[in-house]
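This report refers to the structure that appears directly beneath it.
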Amino acid sequence: AQSVTQPDIHITVSEGASLELRCNYSYGATPYLFWYVQSPGQGLQLLLKYFSGDTLVQGIKGFEAEFKRSQSSFNLRKPSVHWSDAAEYFCAGGMFSGGYNKLIFGAGTRLAVHP
Amino acid sequence: KAGVTQTPRYLIKTRGQQVTLSCSPISGHRSVSWYQQTPGQGLQFLFEYFSETQRNKGNFPGRFSGRQFSNSRSEMNVSTLELGDSALYLCASSLETGGTENIQYFGAGTRLSVL
């Protein structure tokens with residue numbers, strides 16, 4: 001079965017520290033991969049996406065993610081975290097061929113930022 | 001360009017009632033997907049509509065249904081509400097170009113509380 005796993009439920013970092021959120025996927029073939037962020041009471045905002053090509057993708061708000069096929073991973077990184085980055089982060093996978101349009105989400109990682 | 005709009009933002013219902021949630025996609029987007037978000041189950045795919053037809057369906061009981069209108073606006077309906085239906089319901093729209101690089105953009109969600 002297709003799945004997306006985020007091993008870390010909660011992560012706490014200090015403001016200014018670097019951040020890495022982990023994501024692993026299990027699909028029959030390489031899916032398209034996304035990172036979304038959700039602030040309390042809000043919907044999901046797309047941070048970045050990977051379809052093909054360059055395995056290091058840049059997103060909004062200074063985030064980047066690296067696709068590693070050998071490790072079935074798509075980890076999200078930021079070199080210096082700001083207090084406003086505190087939110088919940090979701091990794092998602094999708095395969096859209098043949099009109100199949102559905103995202104499978106990981107359980108999410110809640111990020112807390114200490115001043 | 002306006003984003004995905006969901007109405008209402010909040011709903012309180014009692015068990016046994018039914019409820020209708022509305023979603024207006026981004027202008028030009030023809031695919032609308034619905035997701036349920038709960039603390040226990042996370043983000044789960046409900047169904048997707050394209051050109052007024054349900055194209056994909058998740059693993060939810062028949063009490064959950066939806067439809068899409070000719071202007072791509074979508075509604076979802078939950079009949080005979082149960083306490084476990086309390087959740088944030090998220091709608092997403094995507095630009096269906098016939099290709100496979102679909103990006104889903106999410107609304108702010110409707111928070112349903114069943115008492």
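Among the strands (runs of 3 or more DSSP E) confined wholly to segment B:20-95, which include 3 or more residues that are polar (S, T, N, Q)?
Ranges flagged: B:31-38, B:53-57.
Report, by residue number, each residue of segment B:60-115 that is among the small types (Gly, Ala, Ser) and in contact with a His (Cβ under 7 Å, 6 or more places away or on another chain).
Residues satisfying the conditions are B:Ser72, B:Ser93, B:Ser94.
Any idea which of B:Arg15, B:Arg9 is of a type in the set (Lys, Arg) and in contact with a Lys or Arg (Cβ under 9 Å, 6 or more places away or on another chain)?
B:Arg9
Provide a single number: the residues in segment A:40-58 that are within 12 Å of chain B (Cβ to nearest Cβ) and modelled with pLDDT of 95 or more.
5
Quick check, is B:Thr5 within 12 Å of chain A (Cβ to nearest Cβ), within 15 Å of B:Tyr105 (Cβ to Cβ), surrounded by fewer than 18 Cβ atoms within 10 Å (Cβ to Cβ) and among the hydroxyl-bearing types (Ser, Thr, Tyr)?
So B:Thr5 fits the description; yes.
Which ones in segment A:1-22 are part of a loop (DSSP other than H, G, I, E, B), within 15 Å of the chain's Cα centre (by Cα) and of a type in the set (A, V, I, L, M)?
If the condition is that a residue be part of a loop (DSSP other than H, G, I, E, B), within 15 Å of the chain's Cα centre (by Cα) and of a type in the set (A, V, I, L, M), then A:Ile9 is the only one that fits.
Would you list the strands (runs of 3 or more DSSP E) that sit entirely within segment A:23-102 and hold 2 or more residues that are exposed (fewer than 13 other Cβ atoms within 10 Å of the Cβ)?
A:56-58
Would you mind finding the one in B:Phe60, B:Phe64 that is farther than 14 Å from B:Arg9 by Cα, within 14 Å of another protein chain (Cβ to nearest Cβ), in contact with a strand residue (DSSP E or B) (Cβ under 9 Å, 6 or more places away or on another chain) and among the hydrophobic types (A, V, I, L, M, F, W, C)?
B:Phe60
Tell me, please, whether a residue that is touching a helix residue (DSSP H, G or I) at 6+ places or on another chain (Cβ under 8 Å), at pLDDT below 95 and charged (D, E, K, R) can be found in segment B:54-67.
Looking for residues that are touching a helix residue (DSSP H, G or I) at 6+ places or on another chain (Cβ under 8 Å), at pLDDT below 95 and charged (D, E, K, R), one finds at least one in segment B:54-67, hence yes.
Of all residues in segment A:59-103, how many are more than 14 Å from chain B (Cβ to nearest Cβ) and not aliphatic (A, V, I, L, M)?
Of the residues in segment A:59-103, 22 are more than 14 Å from chain B (Cβ to nearest Cβ) and not aliphatic (A, V, I, L, M).
Confirm whether B:Ser94 is among the hydroxyl-bearing types (Ser, Thr, Tyr) and away from chain A (no Cβ under 13 Å).
no
I'm trying to understand the selection: among the residues of segment B:3-19, which are under 20 Å from A:Gln45 (Cα atoms) and not in a loop (DSSP other than H, G, I, E, B)?
Listed by number, the residues that qualify are B:Thr5, B:Gln6, B:Thr7, B:Tyr10.
Would you confirm whether any residue within segment B:92-104 is surrounded by fewer than 17 Cβ atoms within 10 Å (Cβ to Cβ), modelled with pLDDT under 95, at negative phi and of a type in the set (Asp, Glu)?
Yes, segment B:92-104 contains at least one residue that is surrounded by fewer than 17 Cβ atoms within 10 Å (Cβ to Cβ), modelled with pLDDT under 95, at negative phi and of a type in the set (Asp, Glu).
Filter segment B:56-75 for residues that are under 13 Å from the mean Cα position of the chain (by Cα) and among the hydroxyl-bearing types (Ser, Thr, Tyr) and give the result.
Matches in segment B:56-75: B:Ser65, B:Ser72, B:Ser74.
Can you find, within segment B:12-51, the residue that is nearest to B:Arg73 (Cα to Cα) among those that are within 14 Å of chain A (Cβ to nearest Cβ), touching a residue at least 12 places away in the same chain (Cβ under 8 Å) and surrounded by fewer than 16 Cβ atoms within 10 Å (Cβ to Cβ)?
Per the criteria, the residue is B:Ser51.
The values are calculated or read from the model by the stated rules, or taken from the named source; none is laboratory data. Here the structure is a predicted model, which is why all the values come from computation and not from measurement. Glycine gets a Cβ as well: all are built from the backbone with ideal geometry, and neighbour counts include every protein chain shown.
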